[in-house]
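Report on one structure; see the data block that follows.
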Amino acid sequence: RKEVEQDPGPFNVPEGATVAFNCTYSNSASQSFFWYRQDCRKEPKLLMSVYSSGNEDGRFTAQLNRASQYISLLIRDSKLSDSATYLCVVILGSATNKLIFGTGTLLAVQP
Amino acid sequence: GAGVSQSPSNKVTEKGKDVELRCDPISGHTALYWYRQRLGQGLEFLIYFQGNSAPDKSGLPSDRFSAERTGESVSTLTIQRTQQEDSAVYLCASGGQAGNYGYTFGSGTRLTVV
């Protein structure tokens, strides 16, 4: 089983739609969680951290479910500019702070 | 600058040559990572430095790959006797020790082995 798993997509959605991505992680000792965004042929950029209580940043909402070992990202009112690959990132913590990336979910917002 | 700086941005090299890639992390960041990303693929962990601790080299694909970092400063990734399968974008990221605020990536070095 991969350490971090994501549905690769693509998710094709119309402008204005709400879309949700899930990501599962295998190591219950994982301590920190993030969502990154990567545009084509660009470096990944931090979108948001994921906190235990859930957190929101504008149209984006991130949630963590430790019991089921998954995190989610909800995007409301999708814009064309949201088209990108969304990467789930987990830090194992404890003995190592190694960043583990999922393979990403491709989102294409259609006009 | 305020970001992570990588050089060169592009490198074309002949098979069998050695290459050295450089990463200047954000000042004060104790953690530094190297990743490799082949075209159309995900990020592949290579190596992780945390302060003066022994680096986690578990992702280095072969003994042709090595990396160094002195303290919390510049890191270099060296690939000896390059092969065509080494062609990829090599990304460096740095972050604070706790990592709670995420990590910042450089724009990468695009390596092409011909």
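The values are calculated or read from the model by the stated rules, or taken from the named source; none is laboratory data. As the structure is a computational prediction, the values presented were derived from the model and not from experiment. FYI the Cβ positions are ideal-geometry reconstructions off the backbone, even for glycines, and counts take in every protein chain you see.
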query: If we keep just the residues of the stretch A:42-88 that are in a loop (DSSP other than H, G, I, E, B) and of a type in the set (Lys, Arg), which is farthest from A:Ala20 (Cα to Cα)?
result: A:Lys42
message: With the structure loaded, tell me whether B:Gly40 is out of contact with any Ser or Thr (no Cβ under 9 Å at 6 or more places or on another chain) and within 14 Å of chain A (Cβ to nearest Cβ) or whether it fails that test.
response: yes
- prompt: Where residues in the stretch A:73-111 are farther than 25 Å from B:Arg36 by Cα and hydroxyl-bearing (Ser, Thr, Tyr), which of them is surrounded by the most Cβ atoms within 10 Å (Cβ to Cβ)?
  reply: A:Ser78
message: Just the residues that are touching a Gly at 6+ places or on another chain (Cβ under 7 Å), of a type outside the set (Asp, Glu) and surrounded by 20 or more Cβ atoms within 10 Å (Cβ to Cβ), please, taken from the stretch A:33-61.
response: A:Phe34, A:Gln38
task: From the list B:Ser94, B:Ser87, B:Ser7, pick out the single residue that is farther than 28 Å from A:Val4 by Cα, modelled with pLDDT of 90 or more and more than 10 Å from chain A (Cβ to nearest Cβ).
output: B:Ser7
task: Give the residues of the stretch A:1-46 that are over 13 Å from A:Phe101 (Cβ atoms), of a type in the set (A, V, I, L, M, F, W, C) and in contact with a Phe, Trp or Tyr (Cβ under 7 Å, 6 or more places away or on another chain), sorted by residue number.
output: A:Val19, A:Phe21
task: State yes or no: is A:Asn22 more than 11 Å from chain B (Cβ to nearest Cβ), part of a strand (DSSP E or B) and not hydrophobic (A, V, I, L, M, F, W, C)?
output: yes
- prompt: Regarding B:Arg64, is this residue away from every other protein chain (no Cβ under 14 Å), free of Cβ contacts under 8 Å to residues at least 40 places away in the same chain, of a type outside the set (A, V, I, L, M, F, W, C) and within 11 Å of B:Leu32 (Cα to Cα)?
  reply: no
Counted residues, the stretch B:29-43 - those being in contact with a strand residue (DSSP E or B) (Cβ under 9 Å, 6 or more places away or on another chain) and surrounded by fewer than 16 Cβ atoms within 10 Å (Cβ to Cβ): 3
